[in-house]
1. How much length, in nm to one decimal, is gained on full extension between residue 149 and residue 94, taken as 0.36 nm per residue of separation minus their Cα-Cα distance?
2. So which lysines pass the test for residue 44, namely a Cα distance under 19 Å, with those fewer than 8 places away in the same chain ruled out?
3. More than 19 Å apart: what percent of Cα pairs in the stretch 1-66 qualify?
4. ³J(HN,Hα) across the stretch 253-263 via Karplus (A = 6.51, B = -1.76, C = 1.60, θ = phi - 60°), whole Hz, x for Gly/Pro?
5. So how far apart, in nm, are the two label points at residue 204 and residue 53 if each is 7 Å from Cα heading toward Cβ?
6. Going Cα to Cα from residue 4, which lysines come in below 23 Å? Please leave out same-chain ones fewer than 8 positions away.
7. Once you keep just the Cα pairs under 8 angstrom separated by 6 or more residues, what percentage relative contact order results for the stretch 1-126?
8. Starting from the Kirkwood radius over alpha-carbon pairs of the stretch 1-126, derive D by Stokes-Einstein at 10 °C in a medium of 1.306 mPa s and give it in µm² s⁻¹.
Amino acid sequence: MFGKLLKNDLKAQWFSVSAIYYCALIAVVVFEIGANVIDETKPKVICGGLVCLALLVASVTTLITVALMFNNTMFGKAGYLTLTLPVKTSTLLISKTVSGLIWIFSVYALLIGSLVLWLYQIKVILGDQLAETIDSLLNVFGAPTIKTITLGVIIACILFAAIILLLVQCMYFSLTLSQIKPLSSFGKFGTITFFFVLIGGILSLSGTISDALPVNIIISETSILFTSESVTSDSTMNFRLTSAVVNIAASVALHFPMTFLINKKINLK
């Protein structure tokens, strides 16, 4: 049953997200053609950066669109039909969450890929000799090397996926709260306020837990190390894995009060 529900959600949502995908595809194709046709170095770099920018805009737009689709299908005119389907509310929410994440992470994966490709293109354009010179200068100032920075960007993008999941769940939860009396009287202002209070509180909590139970990813020129110790070396990059785990756990936990509210307290207009 869940498979059929997810399939129907994806089909229905495609009409809303397809325009974003087509616009992003056109922009990427144009900029990539420009990057491969132009012989000069600076325009090549700019075109590669514009590809990343186009996909970044597409990612943010998709995130907002997913929230709007959830609101329309759960609490809009279609909500009466959605909530009368012969499936559990928890299953409906999981389907909405999974389908929304599929659209968001599809674009986000392309963004990460384009970013890695862009960094590789920059390295090729610079050449090995110039890259070594830049690395030497970075070492002089105590900064990480180009390779370390590249690995750090990739790891940061992967860990940021946990924040995207949290953003989606917080948006869904805030939209649900805005349908409950007397909170519904605050309208869109209330939804936005609920979202920022919720996301701010959870991120603050994850930071506190991360400080108390640190699990760090240390990236250097030659290795990626998992450790509970904090490394302050300027030549390495440090990421907190604990924060990502807490963000994922909080995202999962939000599903249960959301299910309860929709079952017991929802007030469809």
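1. 16.2 nm
2. 123
3. 47 percent
4. 5, 5, 4, 6, x, 5, 4, 4, 4, 5, 6
5. Simple spin-label model gives 3.5 nm for this pair.
6. 77, 88, 96
7. Details: 84 pairs, mean separation 44.5, N = 126.
The value is 35 percent.
8. 98 µm²/s
Read the figures in this text as sums done on the coordinates, not as results from a lab. Because the structure is a prediction, the values reported are computed rather than measured. Using ideal geometry, Cβ is built from the backbone for each residue, glycine included, and neighbour counts are taken over all protein chains shown.
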